[in-house]
Amino acid sequence: MKDDQNKKNSLKHVLFGSLIGTTIEFFDFYIYANAAVLVFPQLFFPSADATMATLQSLATFSIAFISRPLGSAFFGHYGDKIGRKFTLVAALLTMGISTVTIGFLPGYASIGVAAPLLLMLCRFGQGVGLGGEWGGAVLLAIENAPPNKRAWYGMFPQLGAPIGLLLSGGTFLLLTDLMSSQDFMDYGWRIPFIASSLLVVVGFYIRTKITETPSFENSKKEHEEVKIPFLALVKSYKNQLLFGTLASITTFLVFYLMTVFTLSWATSDLGYEKRDFLLIQLFSVLFFALFIPVSAVVADKIGRRKMLIIATTAIAVFGFFFSYFLNSGNTVMVTFFLCAGMALMGFTYGPLGTFLSELFPTTVRYSGASLTFNMAGIIGAAFAPMIAIWLASTYSLTYVGFYLTFAACISLFALLAISKKEHKF
């Protein structure tokens, strides 16, 4: 029995188990983001005004960010009370079922206003699932890590974001190449949503093989559990919740400006073909993936907080060049702009999960890390594409850059103000 347990808790099993789940979750999340720009405005929100249809579609995109803290509170409660394993499996299924259902939804032409309402319900379910998934995946990794390699272990679930984005963007690109525009609009867009069920089955199998983390087991043995983790957080860890949330908002904002906003703006106002710009974005995601492990190595040497301060400062400066590169009319400069933005995203995203987890003790860590991460999603990303489109349309792209720089300054303040104390693992 002991040998079996050691096998299940091997390094390979732990890290792959944390990576596969977040890859699936983010794949599901991003195929919605692509469809929200490329398909849903016409299918679920027909309007004489193309900009209004896009804004309505992006509004449903925001719903998942609003529901993610609910998923954090719900799954975090059970993750801190009964364990990480069961909660991770339940969160994965919640996300997966919601995503597959979207693939079968009829459009506005078939059932009228019920179509966007059902779409919003499924999007809500995606958010709840991801709200519970991320925190558990990060804890699975770092609660099995040696103290001097927590950022390295913690970056594996973070890699699920660029891998999921590459898979989703690549899938949409392949479908648009192989199908006519009409066939893609009629049924092709549904394929990645329905096909995600295969990934969910794989993730479900792997997650059922995972045992509890040593930190959680030790906490249970020492009877350290709290009755209601959420109330304990609000009562005893208000500063960690507040400053941890504010410290994370720039990570979300820079990512969704580089993906959803730029895809929408470049294909509607800058004259890029959707396929061409998707290729540029997919290339830039490689830099996102590359700099996640780089940032983790640096963070283990100089500290997670210091790494985030450096990365966030760089993002604040980057905001001043937003319009100069994106509005240049030069494909090389636009590509460089996206690659630089995604590299900065990797620098800040790599150590973020470890940093947030270290703010809280084991008894409330699942709830605390998840809530700070997902509350930051509401502030930094839920309405970011819509705000950016409004700023660019009303004023100019320069103000989108100012928006990013302002958010980075808020995160810098939070990082400087937050307590340096780390809780035991």
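The values are calculated or read from the model by the stated rules, or taken from the named source; none is laboratory data. Remember, predicted model here, so these are calculated numbers, not experimental data. All Cβ positions, even for glycine, are placed from backbone atoms using ideal geometry, and neighbour counts span all protein chains on display.
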Can you find a residue in the stretch 320-333 that is modelled with pLDDT of 95 or more, in a helix (DSSP H, G or I) and buried (at least 24 other Cβ atoms within 10 Å of the Cβ)?
no
I need the full set of residues from the stretch 24-51 which are of a type in the set (S, T, N, Q) and free of Cβ contacts under 8 Å to residues at least 60 places away in the same chain, in order please.
Ser47
Restricting to the stretch 57-89, give me the number of residues that are crowded, with 19+ Cβ neighbours inside 10 Å and closer than 28 Å to Leu38 by Cα.
12
I'd like the residue in the stretch 34-50 that is out of contact with any Pro (no Cβ under 9 Å at 6 or more places or on another chain) and assigned to a helix (DSSP H, G or I) and, out of all such residues, is surrounded by the fewest Cβ atoms within 10 Å (Cβ to Cβ).
Gln42
Of all residues in the stretch 146-159 being surrounded by 23 or more Cβ atoms within 10 Å (Cβ to Cβ) and of a type outside the set (Phe, Trp, Tyr), which is farthest from the chain's Cα centre (by Cα)?
Arg150
Give the stretch 276-319 a look and list any residue that's among the small types (Gly, Ala, Ser), under 23 Å from Gly160 (Cα atoms) and surrounded by 22 or more Cβ atoms within 10 Å (Cβ to Cβ), or say none.
Ser284, Ser295, Ala296, Ala299, Ala311
If I filter the stretch 168-189 for residues that are closer than 27 Å to Met375 by Cα and out of contact with any strand residue (DSSP E or B) (no Cβ under 6 Å at 6 or more places or on another chain), do I get at least one hit?
yes
Within the stretch 186-203, residues surrounded by fewer than 18 Cβ atoms within 10 Å (Cβ to Cβ) and at pLDDT below 85 come out as Leu198, Val201, Val202
Check whether at least one residue in the stretch 268-275 is part of a helix (DSSP H, G or I), exposed (fewer than 14 other Cβ atoms within 10 Å of the Cβ) and at pLDDT 90 or above, and report yes or no.
no
If you check Leu173, Leu140, Leu167, which single one turns out to be assigned to a helix (DSSP H, G or I), touching a residue at least 40 places away in the same chain (Cβ under 8 Å) and buried (at least 24 other Cβ atoms within 10 Å of the Cβ)?
Leu140
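Residues are listed down the side, and each one gets a yes or a no for (1) assigned to a helix (DSSP H, G or I); (2) touching a helix residue (DSSP H, G or I) at 6+ places or on another chain (Cβ under 7 Å); (3) not basic (Lys, Arg):
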site	(1), (2), (3)
Cys122	yes, yes, yes
Gly125	yes, yes, yes
Ala145	no, yes, yes
Asp183	yes, no, yes
Ser196	yes, yes, yes
Val201	yes, no, yes
Arg207	yes, yes, no
Glu217	yes, no, yes
